[in-house]
Amino acid sequence: MVRTRDVFQNRQPDLVILDSQLPDGDGVELCKWLHNQGQPLIMILSACNSETDIVTGLRAGADDYMTKPFGMQEFLARIEALTRRVRLMSAPASLTYGDLNIDLVQRRVNFRGDYIDLTPQEFSLLYVLTQAAGAPLSRTDLLRRAWPDAIDNPRTVDTHILSLRKKIEVDPRQPNIIQTVRNVGYRFNVERLLVEGNGHTPSSRVSPSLASSSLR
């Protein structure tokens, strides 16, 4: 078991799948140790299928317990469900860039103390731009990431960018937040917002309630 713990500490996996009966020790005891590390998802696979065995494994810290034999499709589906749960619970409830705050739960934007009324599509477009962390995105990329339906007209992006600029730029004719990158597309100017916001770094606030929300 010591060797197993060493491997875990060196690799730091996000998901650990272990048998309740290990060659070098008790899998349930290892499960307790892993749970105390506070990070990984844990799934126990075991031929011990009594209710007592299952309850013992779950109370030891396992996130799921599968009894043998089992089908591969069920196994993969359970792995997918575990990882999906973690992704949803760790998603940020809001993003803050200087004086710009994006509430991902209520889908509202606050800029310099004022709430900005964005359409659902404008909100999705702004969110996708912020996720690029200052890197330019082409019109094709924006259509693919920010629009719920397939659209082939790249000028659709230009129209929505113009509308978005009118709502969050001090001077839409000389935009500083959403910049045009010649021959590429558009970028979100993180640096400008941080300077204007007295150097505050981007932050996020996590809320489990976001698990039931959608960005689109």
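Every read-out reported here was derived from the displayed coordinates using simple, explicitly stated rules and does not represent laboratory data. Worth saying up front: this structure is predicted, and the values here are computed from it rather than measured. Cβ: placed from backbone, ideal geometry, glycine included. Neighbour counts: every protein chain shown.
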Could you give the nm distance between label points at residue 37 and residue 73, where each point is 7 Å from its Cα heading toward the beta carbon? 3.3
Tally Lys and Arg at +1 and Asp and Glu at -1 over the other residues with C-beta under 9 Å from the C-beta of residue 179: what net charge comes out? +2
Potential extension, residue 83-residue 110 segment - 0.36 nm per residue separation minus Cα distance: 6.5 nm
How about residue 166: which aspartates and glutamates have a C-alpha closer than 12 Å to its C-alpha, ignoring those fewer than 8 places off in the same chain? 117, 122
The ³J(HN,Hα) series, computed from each phi in the range 63-79 with the Karplus coefficients 6.51, -1.76 and 1.60 at θ = phi - 60°, rounded to the nearest Hz and given as x for glycine or proline, is 7, 7, 9, 10, 9, 8, x, 9, x, 5, 5, 5, 4, 5, 5, 5, 4
Work out, step by step, the length gained on full extension between residue 179 and residue 155: first 0.36 nm times the residue separation, then minus their alpha carbon distance; give nm to one decimal. 7.0 nm
